[in-house]
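A short worksheet on the structure shown next.
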Amino acid sequence: MSAPEPVVVVGAGPVGLSAALAAHALGLRPLLLEARTRTAERPGSRAVFVHRATLDRLDAVRPGLGTEIAARGLVWDTRRTLWAGRQVHLRTYPADPATAPFTSLPQTVVEDLLRRACDEAGVRTLWGDPVREAVPSSEGVRLRTASGAVHGARHVIAADGARSAVREAVGIGLDGSTSATEFVVVDVADGERPARPERVFHYRHPAAGGRHVLLVPFQGGWRVDVQCRPGDDARHLAATAREWLPAVLPQVPGPEVTWSSVYRFQLRVAARFADATGRVLLTGEAAHLLPPFGARGMNSGVGDAVAAARAVRDDAVEAYARERRTAAERNVRAAGAALDHLLAPRPGLRLLQRSAAVAAPLWPRAGRWLDAAPYGPRIRKVRY
Ligand SMILES: Cc1cc2nc3c(=O)[nH]c(=O)nc-3n(C[C@H](O)[C@H](O)[C@H](O)COP(=O)(O)OP(=O)(O)OC[C@H]3O[C@@H](n4cnc5c(N)ncnc54)[C@H](O)[C@@H]3O)c2cc1C
């Protein structure tokens, strides 16, 4: 084994790529290890919604990167909420891609841009060889990959996703819950003439059998999220999307499905964000699982990545672990409140929602509340 690397990042998903860029920007000369081969495709557009804070963070570690992601994305100037076919909230606002609080584009495009930025920065990356073992000590971490290669590192930033081998190797659990309710997500390509983009949340959509439906446009297509009801066969619903989509997404004629999947709300946070030696830092989905509603997963993962690189440079791992775990717990609380709102498990909340829907035409605040709640009622207080 050669001299230890200052920092090894495990996993070249959006969070690992961001961590490598951030570490490079701080002069740490990171080595990035990835299980997939460089040309392996990742299915699905997954994280479409990128927050301004993420764009700013990426601009700070690689000048121009956040700006380019924003330029490649889509912003919209309208949000609407409907209740059983009747509009209860409409908001329009100026939508300038340069200053909008978000942009919307497939995660695959963001990853391509991050990968290109890493290449241009000269980040050393070894592809196609998963890490199998991580043994930390007070001196550093010894990593062994599937091919038998051994890498020494003073610090390891684990960004190897939900089934993190590094997290398991250092014995840190991921505590939390998974919703019983399933959600179907379907991505649809833009038609020949792209429809006007607007974000629509529809409570009790009549054309979806009274299920809640969220429509989110992104560059090149539309994301359709359907909340299943108890007893629904979510896989069947996903497989038959072509049949129900025209009524739910009438703005895209002859919708072409590009990806569909079924998921449950995962609300899980690692018991600790660093191992006992302070040599292994957990980031992104290796550290927390958050639901798509609210777009907290990748966005908070990029926050972890930048903070982890800084903590390695400043020898401030303990503070990193404390602060990022607190941020993740806040995200879980906001997402949990959103789930509560979507499921409305208590009669009181169901009554409140129905009353808000009735009051909305006369009392705009009620419509605003219905509009904001599915993403977590306290979203403004949450730091990604
Ligand atoms: C339907 C859906 C919609 C979503 N929408 C949003 C959204 O709008 N906004 C948002 O912020 N988030 C969203 N998310 C969440 C987002 O997709 C994830 O949070 C994000 O992909 C996590 O990034 P990551 O880099 O931590 O993990 P991953 O993307 O899972 O990347 C992990 C990487 O590590 C590699 N790896 C795994 N094991 C090893 C190993 N042993 N050795 C080396 N490499 C390894 C993997 O091959 C992979 O490249 C959504 C997710 C879904 C499913």
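All of the numbers you see were taken from the coordinates with simple rules; none came from a lab. Small disclaimer: the values here were computed from a predicted structure and weren't measured. Neighbour counts are summed over all protein chains in view; Cβ atoms, including those assigned to glycine, are modelled from backbone coordinates with ideal geometry.
Numbers for the structure displayed
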{"quantity": "FRET efficiency for R322 and E243, using Cβ-Cβ distance with R0 set to 45 Å, rounded to 0.05", "calculated": "0.35"}
{"quantity": "Mean-position separation - Cα centroids, the stretch 1-36 and the stretch 67-81, in angstrom", "calculated": "30 Å"}
{"quantity": "Over the chain: helical MRE at 222 nm, DSSP H runs n ≥ 4 each giving -39500 (n - 2.57), nearest 500", "calculated": "-10500 deg cm²/dmol"}
{"quantity": "Rg [Å, one decimal], Dmax [Å, integer] - the stretch 13-115, C-alpha atoms", "calculated": "16.8, 56"}
{"quantity": "Relative intensity, log₁₀ I(q)/I(0), of the stretch 156-300 from a Debye sum that treats every alpha carbon as a point, q = 0.09, 0.10, 0.16, 0.18 Å⁻¹", "calculated": "-0.37, -0.44, -0.87, -0.99"}
{"quantity": "Degrees separating the helix 107-121 axis from the principal Cα axis of the chain, which is the longest one", "calculated": "30 degrees"}
{"quantity": "Simple spin-label estimate for A95 and S261 in nanometres, 7 Å along Cα-Cβ", "calculated": "2.4 nm"}
{"quantity": "Per-residue HN-Hα couplings for the stretch 94-101 [Karplus 6.51, -1.76, 1.60; θ = phi - 60°; Hz; x = Gly/Pro]", "calculated": "x, 10, 9, x, 6, 10, 4, x"}
{"quantity": "Overall dimensions of the stretch 178-263 by Cα: Rg and Dmax, Å", "calculated": "12.2, 39"}
{"quantity": "Spin-label model distance (nm) - T37 vs D314, 7 Å beyond Cα toward Cβ", "calculated": "4.2 nm"}
{"quantity": "With eigenvalues of the C-alpha gyration tensor scaled by 5 and rooted, the stretch 277-384, Å", "calculated": "36, 12, 9"}
{"quantity": "All Cα pairs of the chain, percent lying beyond 33 Å", "calculated": "32 percent"}
{"quantity": "Theoretical gain in end-to-end length, R196 to H236 [0.36 nm per residue, Cα-Cα removed]", "calculated": "11.4 nm"}
{"quantity": "Rounded to 5, the percent of DSSP beta bridges in the chain classed as antiparallel", "calculated": "75 percent"}
{"quantity": "Backbone HN-Hα couplings from phi across the stretch 9-21 [Karplus 6.51/-1.76/1.60, Hz, Gly and Pro as x]", "calculated": "9, 9, x, 10, x, x, 6, x, 4, 5, 5, 5, 5"}
{"quantity": "Mean-position separation - Cα centroids, the stretch 252-302 and the stretch 162-216, in angstrom", "calculated": "11 Å"}
{"quantity": "For the stretch 298-304, Karplus couplings with θ = phi - 60° (6.51, -1.76, 1.60), whole Hz, Gly/Pro x", "calculated": "5, 4, 6, x, 5, x, 4"}
{"quantity": "Most mobile listed residue (A100, A70, A287) in the chain, GNM with C-alpha springs under 10 Å", "calculated": "A100"}
